[in-house]
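Structure record follows, encoded as structure tokens.
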Amino acid sequence: MMNPKNKSYSTKLRAKTSETIAFEALSSKIGDWWGDQDRAVQHLGDVFKMSWGEPWYQFKVVEYVLGKKITWECIDSKQIIGDLDGVEKEWVGTQLKWTINKLNDGEIEIQFRHEGLVPDFICYDFCSNTWDRFIEFNLKKYLEKT
């Protein structure tokens, strides 16, 4: 049994959309629902940066299965969260794993696991709550209007 303190953040999202639109939202159109994306992701090995003014994260695509799965590995960051010290590089080495499953009636499910974002991280509470908001509201709204 896994020690709960080492458990990585994960969540699921259901939306009325296609696998194609969902995959685009997690590759070429991340900036439409998450932050400022410096370049579209189109291939395995692509490197891209997401930013929100001064804070930013740089990712490398380490898994790319068109319409089904994409994994981004955080390779550098300048994470800034209010008065939390020691968080600037906390995401470096973590992987953001997205899996898209087709359901019935034009609905998909996205399974998300931020492998390495664990309760021992200084930013865990802030980051997990922020992921909840971005995935359950921003991403879902984006998927269902597209």
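Nothing in this text is a laboratory measurement; each read-out follows from the coordinates by a stated rule. Model, not experiment: these values are computed from the prediction.
Taking 8 Å as the Cα distance limit and 6 or more residues as the minimum spacing, I'd like the relative contact order of the chain as a percentage. Don't jump to the answer; show the numbers that get you there.
Numbers: 297 pairs, mean separation 43.5, N = 146.
Dividing the mean separation by the residue count of the chain yields 30 percent.
Where does helix 124-133 land angle-wise versus the long Cα axis of the chain, in degrees 0 to 90, nearest 10?
With rounding to tens, the tilt is 20 degrees.
Name the shape class, rounded, prolate or oblate, that the alpha-carbon gyration tensor gives for segment 1-105, where a ≥ b ≥ c are the square roots of its eigenvalues, rounded holds for a/c under 1.5, and otherwise prolate holds if a/b is larger than b/c and oblate otherwise.
Numbers: a/c = 1.83, a/b = 1.31, b/c = 1.39.
Oblate, since a/c reaches 1.5 and b/c is not below a/b.
Straight distance only, please: which lysines reach the Cα of Lys12 with their own Cα at less than 20 Å, same-chain residues fewer than 8 apart left out?
Lys29, Lys68, Lys69, Lys97, Lys102, Lys140, Lys141, Lys145
At what distance in angstrom do the alpha carbon centres of segment 80-146 and segment 1-63 lie from each other?
8
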